[in-house]
Structure formats: C-alpha cells, structure tokens
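Comments concern the structure below.
The values are calculated or read from the model by the stated rules, or taken from the named source; none is laboratory data. What you see is a predicted model, and the numbers here were worked out from it, not measured in a lab. Note that each Cβ is placed from the backbone with ideal geometry, even for glycine, and that neighbours are counted across all protein chains shown. Surface accessibility is based on the protein's heavy atoms, side chains included, excluding ligands, DNA and RNA. Shrake-Rupley method; radii C 1.70, N 1.55, O 1.52, S 1.80 Å.
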Amino acid sequence: MRARSSRFNDKIALITGGTSGMGLATAHRLLAEGAHVVITGRDKTRLDAAVEELNGGDRVLAMPGDAANLADLDALTAAIQDRYGRLDVVFANAGIGAFQPYTDVTEAEFYRVVDINFKAAFFTIQKTLPLLADHAAIVINASFALHRGGPGAALYSATKAAVHNLARTLAAELAPKGIRVNSVSPGYTATPAFYAEASAEVQAAAVAAVAANRIGTADDIAAAVAFLASDEASYINGQDLTIDGGLVAATPAPMV
Ligand SMILES: NC(=O)c1ccc[n+]([C@@H]2O[C@H](COP(=O)([O-])OP(=O)(O)OC[C@H]3O[C@@H](n4cnc5c(N)ncnc54)[C@H](OP(=O)(O)O)[C@@H]3O)[C@@H](O)[C@H]2O)c1
C-alpha cells in the first residue's frame, strides 16, 4: 500500500484490538498515511485475516494477546522494542460493550468488563511507556456513554468515564516528555460489536436519536483518531473528542 500523505511517515503506531471495527479502520488509515502499524487481538485467525486485508507488507506487525493480560503486554512491548525500538502513537482501543440492568451486574461480570475496558488501557499505556518517543500521542477509545446516563449502562459507562479520566491524568504526568493523551468518544458506530449487541429495534432507535440521522462508521472514528494522533493536534491534550453525529449535544426531538 502506498502512503497518500506524510502525516505519519515512518511513525510507529500501536493499535490494540486492531482486527475489527474502529481498530482495523484506524490501522488502514494510519498505514495509508505512512505509518508502520502494530495490531493486537486475541484471535489468531482474525489477526491473520486483518494482516491480509491491510496488505501493508513489512509495515504491519500482528501480535496475538489479551490487552488485559500483563504478560501479554510485556511480550508485545518486547516485540515492538525488538522490531522498531520506539513507539510514536498508541491507540488503546480494545474494549467491549456490556449492557445489563444495574441490579443484574455480578462480581464476575464487573471484573470481566473492568478488565478489558479499563485495566487493559491502563496497563497498555504503562507497559509501552518506556518505548514512547518524546512528543508521542496516546488516544484512548472511550464512548459517548461517559457523557450521559442510560438504562443498562452503569458498568460500561463507568469504565469509559474511567479511561477518559486516565487520559486527563496522564496528559499532566506525561507532559514533561511532550506526550499528549486524549480520548475519543464514539457514538453508535457500525462495527461488528454494535451489530452483535444491538437488536433491530435498538439499531432503529439509535439512528433516530442522532441529529445526523445515521450512525457512525468505523472510518468516522479512524479519521478523528488520526487527527488527535497527528501533529495537527499538537495543542490538544487531556480532551475527549466526541464523534457521534450530534447524539450527545443535539437532540432531534423538539425542545418544546
Ligand atoms: N461500536 C460502537 O457503537 C462503540 C461505541 C462507543 C465506543 N465503542 C468502543 O470502541 C472500541 C472498539 O469497538 P468496536 O465497536 O470497533 O469493536 P469490535 O469490532 O468488536 O472490535 C474490537 C477489537 O478489540 C479486540 N479485543 C477485544 N477484547 C480484547 C482483549 N481483551 N485484548 C485484545 N484485543 C481485544 C477484538 O479482537 P479479539 O476479540 O480477537 O480479541 C477486536 O479486534 C471499544 O473500546 C468499544 O467499547 C464502540
């Protein structure tokens, strides 16, 4: 694949959960803009398929592993150190949707969701930090759900609020190295995860709730991640960028 612009020429980008949805779309985008991309995922078959789809030759490194498993993160960091010696971009994207009434959340479910949605981002950044170049950029995938309450989202929304708050703290702690840390908050986005979670009824309700009258695409999110990760966003730090067609800010319902 030929680079179509130089925003990420020769930059090294890690994308956790890069085999599907927004992670894969972001890998396509960064690759097209000149980056070397490292993608992760737990399923080796999906990793192989993503590598083939990305068609980036030696500019793609696929590492199997669970983003919430510290030994896997150590192996990932070692592989990136061996191959590239540094990282310029981290997109801590791996995560899951999980929705149920507050009263139904078991302790096991609590730890399952906290592990992948919060612990994974927390330790992905901590483990890869020694590789991060000065002026590197970190983007964490949060969710519009951190900005509003909604039935069934007590656990999920809290994990997404946690990762955005992590972005703010790290923006302060990593400032001496010139490393910026932001989060993105996708609205309803057409990915395999969305279609697995949302019934036809919920999908229709999602479209109706969005001022833009459509749900987002993985490419919509990839474009925003690429912007935040690029030097064009060099004065944007500790922020959450909501990419939701107006879902949070603008109700399509009449105001009176
Ligand atoms: N789709 C939406 O409407 C929406 C809205 C707001 C926020 N989000 C957030 O956006 C992010 C991406 O979601 P998506 O919709 O693009 O999902 P997706 O299409 O299901 O992709 C998720 C990716 O993460 C990987 N993954 C899941 N658990 C992992 C783990 N423990 N370790 C490593 N990789 C893991 C998956 O591969 P394996 O399963 O093979 O590991 C896959 O590559 C998530 O953080 C999600 O919470 C989604």
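Take the eigenvalues of the Cα gyration tensor for the stretch 1-117, scale each by 5, and report the square roots as semi-axes in whole Å, largest first. Can you show the working numbers first?
Numbers: eigenvalues 164, 47, 30 Å².
Taking √(5λ) for each Cα gyration eigenvalue gives 29, 15, 12 Å.
Which whole-angstrom value gives the distance between the alpha carbon centres of the stretch 1-68 and the stretch 180-256?
Each part's Cα centre sits 21 Å from the other's.
What residues qualify as long-range amide H neighbours of Asp240, i.e. H under 5 Å apart, gap of 5 or more or another chain, H built at 1.01 Å from N?
So Asp240 has HN proximity to Ser183.
Once phi is turned into ³J(HN,Hα) by the Karplus curve 6.51 cos²θ - 1.76 cosθ + 1.60 with θ = phi - 60°, what whole-Hz value does each residue of the stretch 192-202 show in order, with x for glycine and proline?
Running phi through 6.51 cos²θ - 1.76 cosθ + 1.60 with θ = phi - 60° gives x, 5, 4, 5, 6, 8, 9, 5, 4, 5, 5 Hz.
Using modelled amide H (1.01 Å from N, peptide plane; none on Pro or chain starts), what sits under 5 Å from the amide H of Gly216, excluding residues fewer than 5 places away?
The answer is Tyr188, Thr189, Ala190.
Taking each pair of different alpha-carbon atoms in the stretch 197-250 once, compute 1/r for the pair, average those values, and report the inverse of that mean as the Kirkwood hydrodynamic radius in Å to one decimal. Before the final figure, lay out the partial values.
On the way: mean 1/r = 0.0787 Å⁻¹.
Result for the stretch 197-250 stands at 12.7 Å.
Which cross-chain or sequence-distant (5 or more) residues have an amide H under 5 Å from the amide H of Gly152, H modelled 1.01 Å from N in plane?
Placed amide hydrogens put Tyr102 under 5 Å from Gly152.
Angle between the Cα long axis of helix 70-83 and the longest principal axis of the chain, 0 to 90 degrees, nearest 10?
40 degrees
Subtracting the Cα-Cα distance from 0.36 nm times the residue separation, let me have the gained length for His135 to Asp48 in nm, one decimal.
Details: separation 87, 0.36 × 87 = 31.32 nm, distance 3.14 nm.
Roughly 28.2 nm would be gained on extension.
May I ask you to give the percent of accessible area on the chain that is carbon plus sulfur, with a probe radius of 1.4 Å?
Numbers: 6530 of 12030 Å².
Answer for the chain is 54 percent, counting heavy atoms of protein chains only.
Can you tell me the dipole magnitude for the stretch 148-256 around its Cα centre, using point charges on the Cβ only (Lys, Arg +1; Asp, Glu -1), in Debye to the nearest 20?
Taking the Cα centre of the stretch 148-256 as origin, the dipole is about 240 debye.
Quick check: pseudo-label points 7 Å beyond the Cα along Cα→Cβ at Ala212 and Phe110, how many nm apart are they?
3.6 nm
Within the stretch 8-44, which residues have the backbone N less than 14 Å from the label spot 7 Å out from Asn55 along Cα→beta-carbon, could you tell me?
So the set is 28-29, 32.
Holding the Cα-Cα limit at 22 Å, pick out from Lys127/Lys160; Lys11/Lys160; Lys127/Lys177 the pairs that are longer than that. Before the final figure, lay out each step's value.
Details: Lys127/Lys160 20 Å; Lys11/Lys160 27 Å; Lys127/Lys177 16 Å.
Beyond 22 Å: Lys11/Lys160.
Considering only Ala229, Leu170, Ile125, whose Cα is most displaced toward the positive end of the charge dipole of the stretch 12-243, charges sitting on Cβ of Lys, Arg (+1) and Asp, Glu (-1)?
Result: Leu170.
Cα-based Rg of the chain per 2.2 N^0.38 Å, rounded to two decimals?
Working: Rg = 17.6 Å, N = 256, 2.2 N^0.38 = 18.1 Å.
The reported ratio for this selection is 0.97.
Using the per-residue mean of other Cβ atoms lying within 10 Å as a proxy for protection, in what order, highest first, do the peptides 72-83, 239-250 fall?
239-250, 72-83
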